[in-house]
Amino acid sequence: MDTELFLSRVARFAALGDPVRLAIADLLRDDDCSPDTLAAKIQIPGNLLAHHLKILTEVGLISRTRSQADGRRTYLHLELDGFDDLLPTASSIKTRRVVFVCTENSARSVMAEAIWRDASSVPVSSAGTDPAFRINPRARTAIRRAGLLLEQTEPRDLDEVLKPSDLIVSVCDGVNEKLVNRSNSHLHWSIADPARVGSDAAFAQTFDEIRGRVLTLVPHVHTPTRKKRKSA
């Protein structure tokens, strides 16, 4: 963890946690205001506004510029770059392969595998803890409509697929609770089973949810770099 960045995020969140300071940020989103204009809009006295502006300035969320027309006047500007890294940060994950797992390996994990294969060079597979006898036709349809390829022909058993070095991504709550004793690295996404609804729309919605999750994770997962052998 980058401690300095973490503490900076804490300070900025704390600054924005006050209702007045959050209102100031909202007002400055598209409009540079002078302090007196801002005080009138928020309806607070100038000395209290100065206190809030000082805090926002100290954490790098606003800055001041002096008017070129009247040097006695200043304008407040929202530093949008100060919001760029406020969202939760992800650590880099190194794995030789990603394995998506749901109970039957007939829908969610299959869709996740197809999306991952299209988006990442990191090897991928999928499996189930209790494989069905076939892949759900609606899952095939959702994958095909997205222009992706489904390489596997039938559901696979997790015990036959999983290797110790694999990263497990469970996309089924029931599976997640069964895998607590596995030694593999493990992430979990709580995604509802579209087969319980059984419509093409439900499968399309689940596909979109999984695709969003996959595309968010892809940049943070890499295969380990092989060490070069020393020449004799």
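The values are calculated or read from the model by the stated rules, or taken from the named source; none is laboratory data. Note that the structure is a prediction, hence the values are computed from the model and not measured. Backbone-built Cβ (ideal geometry, glycine too); neighbour counts: all protein chains shown.
Going by the conditions given, is Ala69 outside the structural domain of Asp173 (by TED's automatic domain parsing), of a type in the set (A, V, I, L, M, F, W, C), farther than 30 Å from Pro194 by Cα and loosely packed, with under 11 Cβ neighbours inside 10 Å?
Working: outside the structural domain of Asp173 (by TED's automatic domain parsing): yes; of a type in the set (A, V, I, L, M, F, W, C): yes; farther than 30 Å from Pro194 by Cα: yes; loosely packed, with under 11 Cβ neighbours inside 10 Å: yes.
Yes.
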Checklist outcome for this item: Given the conditions (1) in contact with a helix residue (DSSP H, G or I) (Cβ under 9 Å, 6 or more places away or on another chain); (2) not assigned by TED's automatic domain parsing to the domain that holds Lys54, every one holds for Ala132 apart from (1)
Checklist outcome for this item: When region 105-128 is checked residue by residue, the ones that are crowded, with 23+ Cβ neighbours inside 10 Å and of a type in the set (D, E, K, R) are Arg108, Glu113
Item to check | Val180 being of a type in the set (A, V, I, L, M), on the phi < 0 side of the Ramachandran plot and either in contact (Cβ under 8 Å) with a residue 12 or more places away in the chain or surrounded by 15 or more Cβ atoms within 10 Å (Cβ to Cβ) (or both) | outcome: no
Next on the checklist: Let me spell it out: the conditions are (1) among the charged types (D, E, K, R); (2) touching a helix residue (DSSP H, G or I) at 6+ places or on another chain (Cβ under 8 Å); (3) modelled with pLDDT of 95 or more, and Arg97 meets all of them except one. Which number is the exception?
Outcome noted: (2)
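How about region 36-47: which of its residues are without any contact (Cβ under 8 Å) to a residue 12 or more places away in the chain and part of a helix (DSSP H, G or I)? Lay out the reasoning, then the answer.
The initial filter retains those residues of region 36-47 that are without any contact (Cβ under 8 Å) to a residue 12 or more places away in the chain, namely 36-37, 39-40, 43, 45-47.
Across region 36-47, the qualifying residues are Asp36, Thr37, Ala39, Ala40, Gly46, Asn47.
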Next on the checklist: Among the residues of region 1-25, what is the count of those that are of a type in the set (Phe, Trp, Tyr) and under 15 Å from Glu58 (Cβ atoms)?
Outcome noted: 1
Item to check | The listed residue being more than 21 Å from the chain's Cα centre (by Cα), in contact (Cβ under 8 Å) with a residue 60 or more places away in the chain and under 17 Å from Thr103 (Cα atoms), out of Gly128, Gly174 | outcome: Gly174
Checklist entry - Identify, please: which residue in region 144-190 is aliphatic (A, V, I, L, M) and over 24 Å from His222 (Cα atoms) and is, among those, modelled with the highest pLDDT? => result Ala146
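Residue by residue through region 131-169, note down the ones that are within 24 Å of the chain's Cα centre (by Cα) and touching a residue at least 24 places away in the same chain (Cβ under 8 Å). Steps first, please.
First, the residues of region 131-169 that are within 24 Å of the chain's Cα centre (by Cα): 139, 142-143, 146-148, 165-169.
Result: Ala139, Ala142, Ile143, Ala146, Leu148, Ser165, Asp166, Leu167, Ile168, Val169.
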Checklist entry - From the set of residues in region 1-50 that are among the small types (Gly, Ala, Ser) and in contact with a strand residue (DSSP E or B) (Cβ under 8 Å, 6 or more places away or on another chain), which is surrounded by the fewest Cβ atoms within 10 Å (Cβ to Cβ)? => result Ser34
Next on the checklist: Please count how many residues of region 151-172 are surrounded by fewer than 16 Cβ atoms within 10 Å (Cβ to Cβ), more than 17 Å from Thr95 (Cα to Cα) and not polar (S, T, N, Q).
Outcome noted: 5
